[in-house]
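Asks: Take a look at the following structure, please.
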Amino acid sequence: MKNIIFLITMLSLVTLQSCTKVYTIRDLYNIPGCTGPCGIRMKCEGMEVTLEAQLNDRNMLKLGRKYFLRSEDADRTISIEFAESIPDEVVHKLDQAKEEGKTIRIKGVIEGFDLSTDEYCQRAQILFIQDAGDISIM
């Protein structure tokens, strides 16, 4: 009986872990309700997601503690911002990961902001990282 309970518990844990979806930058923009006009909160704001991206010189721009990552086909960009509680040393490990062409996996909360140009205004995405443990370099 103990073996059956143990087996059911292990299968449940494996199932729960495999249900965590990992998104690409393009995938984030394809989440229903994750694009829209300025001034209107997107439905995906507040959603916790895990993003995976391979870093290189062509897809990452850094401005202080803020990073901009572009999709592989360079048609989508997401801003990555970090809570102040995350040490600079952890944040700047992304620079070395970029130099080495490594893949990152980060978990954060989608926030929105209005992005205005001369021709139009749209709601854009920020992935806000709240914990250093939510940053993995592979």
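The values are calculated or read from the model by the stated rules, or taken from the named source; none is laboratory data. The structure displayed is predicted, hence computed values, not measured ones. Methodologically, a virtual Cβ is constructed for each residue, glycine included, from the backbone with ideal geometry; neighbour enumeration extends over all protein chains shown.
Asks: Suppose the filter is closer than 30 Å to GLY39 by Cα and either modelled with pLDDT of 90 or more or in a helix (DSSP H, G or I) (or both); does GLU81 pass it? Quick ask: steps written out before the conclusion?
Replies: Numbers: closer than 30 Å to GLY39 by Cα: yes; either modelled with pLDDT of 90 or more or in a helix (DSSP H, G or I) (or both): yes.
The answer is yes for GLU81.
Asks: Please work out if SER85 is loosely packed, with under 12 Cβ neighbours inside 10 Å, in contact with a Cys (Cβ under 9 Å, 6 or more places away or on another chain) and of a type in the set (Ser, Thr, Tyr). Walk me through it before giving the result.
Replies: Numbers: loosely packed, with under 12 Cβ neighbours inside 10 Å: yes; in contact with a Cys (Cβ under 9 Å, 6 or more places away or on another chain): no; of a type in the set (Ser, Thr, Tyr): yes.
Considered against the rule, which asks whether it is loosely packed, with under 12 Cβ neighbours inside 10 Å, in contact with a Cys (Cβ under 9 Å, 6 or more places away or on another chain) and of a type in the set (Ser, Thr, Tyr), SER85 comes out as no.
Asks: I would also like to ask the following. Just to verify a result, which residue in region 88-117, among those that are under 15 Å from the mean Cα position of the chain (by Cα) and of a type in the set (D, E, K, R), is surrounded by the fewest Cβ atoms within 10 Å (Cβ to Cβ)? Steps first, please.
Replies: Taking region 88-117 first, the residues under 15 Å from the mean Cα position of the chain (by Cα) are 91, 94, 103-112.
Next cut, of a type in the set (D, E, K, R) only: 105, 107, 111.
On the way: ARG105: 14, LYS107: 18, GLU111: 18.
Applying the filter and picking the extreme gives ARG105.
Asks: Within the group CYS34, CYS38, which residue is hydrophobic (A, V, I, L, M, F, W, C), more than 16 Å from ILE106 (Cα to Cα) and modelled with pLDDT of 90 or more?
Replies: CYS38
Asks: Being in contact with a Leu (Cβ under 9 Å, 6 or more places away or on another chain) and under 30 Å from PRO37 (Cβ atoms) narrows it down to one residue among LYS102, LYS66, LYS107; which is it?
Replies: Among LYS102, LYS66, LYS107, only LYS107 is in contact with a Leu (Cβ under 9 Å, 6 or more places away or on another chain) and under 30 Å from PRO37 (Cβ atoms).
Asks: Scan region 22-70 residue by residue and report those that are basic (Lys, Arg) and in contact with a Gly (Cβ under 9 Å, 6 or more places away or on another chain). Steps first, answer last, please.
Replies: Keep residues of region 22-70 that are basic (Lys, Arg), which gives 26, 41, 43, 58, 62, 65-66, 70.
Within region 22-70, ARG41, LYS43 meet the criteria.
Asks: Ok, one more. If only one of ASP131, ASP118 is out of contact with any Phe, Trp or Tyr (no Cβ under 8 Å at 6 or more places or on another chain), at pLDDT below 90 and of a type in the set (Asp, Glu), which one is it?
Replies: That would be ASP118, the only listed residue that is out of contact with any Phe, Trp or Tyr (no Cβ under 8 Å at 6 or more places or on another chain), at pLDDT below 90 and of a type in the set (Asp, Glu).
Asks: When residues of region 90-118 are filtered for being in a strand (DSSP E or B) and among the hydrophobic types (A, V, I, L, M, F, W, C), how many remain?
Replies: Summing the residues that are in a strand (DSSP E or B) and among the hydrophobic types (A, V, I, L, M, F, W, C) in region 90-118 gives 6.
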